[in-house]
Every structure is written in structure tokens, then in C-alpha cells.
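Chemist: Have a look at this one.
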Amino acid sequence: MKIILKQDMDDLGFEGDIIEVTKGYARNYLIPKGLALEATTQNIKAFELKRKKIEARKLKEKEQALKLKENIEMLEISFIRKAGEEGKLFGSVTNIDIASELEKKGIIVERKKILLDKPIKNTGDFEVPIRLYPEVIANLKVKILPEEEKE
């Protein structure tokens, strides 16, 4: 079944794209949730009229993402965690921790966009990719330091 996407979806495409999906997926999920429209000739003509506005908005969003990328790549955030002798943490640093630390610095990023395969469980320096826009990925420097023992 052919549909027109009403918003960007990572796994399917961008707003205004006409794509082919299974009938069940379209009728039971995408259309009722307001994520897509059936690709009738009338709906296609309506979206063609909106295409310029959509393209202008996408361009603006991409420019904002590029500016945010510059800001993020200049930053370095650090965490102090309890660690064993070999630098292994008693816990971990997750994308939630990174998102909250970025928020303290005035940068709001959804935690789902922080592309951390698995939580960080060792001390050291790491680069964490953050997807800001489909083609814009920023690399954030993260430093994990061991907590000093107080005697």
C-alpha cells in the first residue's frame, strides 16, 4: 500500500515521502496514529503544495543541527564514579546520565538520540556519537574519572 509520511520516521523516510508499506502496518498503525496518509491522487496533490514549506523547514532544522553539532563537539563532559583498581566502574554511565549532564550545560538532547551501544563501565576518555538530524552526527567527548578514596 502506498502512503505519504506526515512526519520524519527513522526507519521509513522523511515527511512528504511516498513509500510502499504493508496494508496492515498502514491501516493498523501509521494512519490511525496520524503518522501517514493514504497516497490518493488528492492527498499527493495536497502534499505537493506543501513540499516547499517542508523543504524550507528541513533546511532550517539541518542548519540548527549543524550549529548544535559545533557546540557539542567543543564540549567535554566528565563524570566521577567509584571504580575498582583496574578502572572498572561500580556501576555505569548511560545515555540518561549524558543527557542530564548536557542539559546542565544548556544543551537539550533526547536520550534516544545519544547513540551509546552499551553503558560505559570503565574509566577513561570516550567519544559518544549523538544523532542531531538524519545526516548530522556530533561526537561528544566524555571523560570518566575514578572517585578518590578519602582516608
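The values are calculated or read from the model by the stated rules, or taken from the named source; none is laboratory data. Quantities reported herein were computed from a predicted structural model and do not represent experimental measurements. Here the Cβ positions follow ideal geometry from the backbone for every residue, glycine too, while neighbour counts run over all protein chains shown.
Chemist: Restricting to the stretch 4-19, count the residues that are more than 21 Å from the chain's Cα centre (by Cα) and closer than 21 Å to K112 by Cα.
Modeler: Counting residues in the stretch 4-19 that are more than 21 Å from the chain's Cα centre (by Cα) and closer than 21 Å to K112 by Cα gives 0.
Chemist: Quick check on I114: is it within 28 Å of E15 (Cβ to Cβ), β-branched (V, I, T), modelled with pLDDT under 95 and surrounded by fewer than 18 Cβ atoms within 10 Å (Cβ to Cβ)?
Modeler: Considered against the rule, which asks whether it is within 28 Å of E15 (Cβ to Cβ), β-branched (V, I, T), modelled with pLDDT under 95 and surrounded by fewer than 18 Cβ atoms within 10 Å (Cβ to Cβ), I114 comes out as no.
Residue-wise test of (1) over 16 Å from the mean Cα position of the chain (by Cα); (2) aliphatic (A, V, I, L, M).
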site	(1), (2)
K2	yes, no
V21	yes, yes
F47	yes, no
K58	no, no
K62	no, no
A65	no, yes
K69	no, no
S78	yes, no
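Chemist: Separate question: Take the stretch 82-118 and flag every residue that is aliphatic (A, V, I, L, M) and in contact with a strand residue (DSSP E or B) (Cβ under 8 Å, 6 or more places away or on another chain).
Modeler: Passing the criteria: A83, L89, V93, I98, A99, L102, V109, I114, L115, L116.
Chemist: Kindly indicate whether any position in the stretch 43-53 is farther than 29 Å from I4 by Cβ, surrounded by 15 or more Cβ atoms within 10 Å (Cβ to Cβ) and touching a strand residue (DSSP E or B) at 6+ places or on another chain (Cβ under 6 Å).
Modeler: No.
Chemist: Taking the condition of being in contact with a helix residue (DSSP H, G or I) (Cβ under 8 Å, 6 or more places away or on another chain) and closer than 21 Å to K52 by Cα, how many residues in the stretch 6-32 meet it?
Modeler: Summing the residues that are in contact with a helix residue (DSSP H, G or I) (Cβ under 8 Å, 6 or more places away or on another chain) and closer than 21 Å to K52 by Cα in the stretch 6-32 gives 4.
Chemist: Tell me which strands (runs of 3 or more DSSP E) are completely within the stretch 1-113 and hold 2 or more residues being touching a residue at least 40 places away in the same chain (Cβ under 8 Å), or say none if there are none.
Modeler: Output list reads 76-81, 88-93.
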